[in-house]
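Presented below is the structure to which this report refers.
The values are calculated or read from the model by the stated rules, or taken from the named source; none is laboratory data. Quick caveat, the model's predicted, so the values are computed rather than measured. Positions of Cβ are generated from backbone atoms using ideal geometry, with glycine treated the same way; all protein chains shown enter the neighbour counts.
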Amino acid sequence: MAYTIAVAGKGGVGKTTLCGLLIQYLCEKHEGPVLAVDADANSNLNEVLGVDVEVTLGEIREEIERSEMMNPSPIPAGMSKQDYMAFRMNSALTEEDDYDLLVMGRTQGSGCYCYVNGLLSAQVAKLSGQYRYVLVDNEAGMEHISRGILPHVDAMILVSDCSRRGIQAVGRIADLVRECKLNPKVMGLIVNRAPEGKLNDGVREEIEKQGLNLIGVVPHSDDVYELDCEGEPTSLKLPKDSPVRSALIGAVEKLLN
């Protein structure tokens, strides 16, 4: 079974950027193959990685949903809707040299994401045996954890910015992980975008209060900010000697080794 790493935290703390860098690190260490899963309806992990995605699970769901109203139908004559769904699911996997990417995407307009969440869970379960690592970039918040989208997690990485509210948010996520009995082997906190890579006493006090295992502090980086503003793939363009890379790698190695 693949070793599953889940990354979670509130919105805007840099989870996806760190996920992209972590995927690249695992591939460069020849730890692949890696299945990267963008489990956020507002997906952009592919942009951090610098790859194009042909279709998302949400788009396939919409295609199947509309098939009965389309003339001609996209479903070939003699093929059941279930068989066509299985066929289309194969096209949702974006294949790269050292990793593959599966994107949840979103449904159109209003409505519940339960069906797409179910598709995602089924596809991860189906594919995970083909990979050494599965890395899941979760949506902002706690929905994927509370709905059991990830029935098996080996390592949980909680990401926060360097604010007390951010630490409190990941503290609630850590509580939910325990309540849902995900039982990861290890769980650690990375604080991202810290000025000069340092935390003040108030933030450290909150980390201790929440009972979180601090494994690393990633400094604020103008390079990351500029790449993001220019729409460049951070994992490819960020300098190899960037303090961001060094801090992330140190944190992950501390957690996994």
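A few comments on the model shown:
- Among the conditions (1) at pLDDT below 85; (2) surrounded by 14 or more Cβ atoms within 10 Å (Cβ to Cβ); (3) farther than 17 Å from Ala122 by Cα, the only one that Tyr84 does not satisfy is (3).
- The residue pairs whose first member lies in the range 178-202 and is in contact (Cβ under 8 Å) with a residue 40 or more places away in the chain and assigned to a strand (DSSP E or B), whose second member is among the charged types (D, E, K, R) and surrounded by 12 or more Cβ atoms within 10 Å (Cβ to Cβ), and whose beta carbons are closer than 9 Å, counting only pairs six or more residues apart or on different chains, are Val186/Asp154; Gly188/Lys254; Asn192/Lys15; Asn192/Asp161; Arg193/Asp161.
- Positions within the range 53-107 being of a type in the set (Asp, Glu), assigned to a loop (DSSP other than H, G, I, E, B) and in contact with a Ser or Thr (Cβ under 9 Å, 6 or more places away or on another chain), in sequence order: Glu54
- Any hit, the range 9-19, residues being part of a strand (DSSP E or B) and crowded, with 24+ Cβ neighbours inside 10 Å: no
- The number of residues in the range 45-89 being of a type in the set (Asp, Glu) and over 30 Å from Asp228 (Cβ atoms) comes to 4.
- Unmet requirement for Gly50, which otherwise passes all of (1) in contact with a helix residue (DSSP H, G or I) (Cβ under 9 Å, 6 or more places away or on another chain); (2) surrounded by fewer than 17 Cβ atoms within 10 Å (Cβ to Cβ); (3) over 30 Å from Leu238 (Cα atoms): (3)
- Residues in the range 31-63 that are modelled with pLDDT under 85, more than 16 Å from Met89 (Cα to Cα) and either out of contact with any strand residue (DSSP E or B) (no Cβ under 9 Å at 6 or more places or on another chain) or acidic (Asp, Glu) (or both): Glu31, Asp40, Ala41, Asn42.
- Residue count, the range 218-238 (criterion: over 15 Å from Leu22 (Cα atoms) and either among the hydroxyl-bearing types (Ser, Thr, Tyr) or not in a helix (DSSP H, G or I) (or both)): 7
- Lone unmet requirement of (1) farther than 16 Å from Ser160 by Cβ; (2) assigned to a helix (DSSP H, G or I); (3) of a type in the set (D, E, K, R) for Asp241: (2)
- Looking only at the range 227-246, residues that are out of contact with any Ser or Thr (no Cβ under 9 Å at 6 or more places or on another chain), acidic (Asp, Glu) and surrounded by 12 or more Cβ atoms within 10 Å (Cβ to Cβ) come to 1 in all.
- Complete set of residues in the range 27-46 that are closer than 21 Å to Ile249 by Cα, out of contact with any Asp or Glu (no Cβ under 8 Å at 6 or more places or on another chain) and either of a type in the set (Lys, Arg) or buried (at least 20 other Cβ atoms within 10 Å of the Cβ) (or both): Lys29
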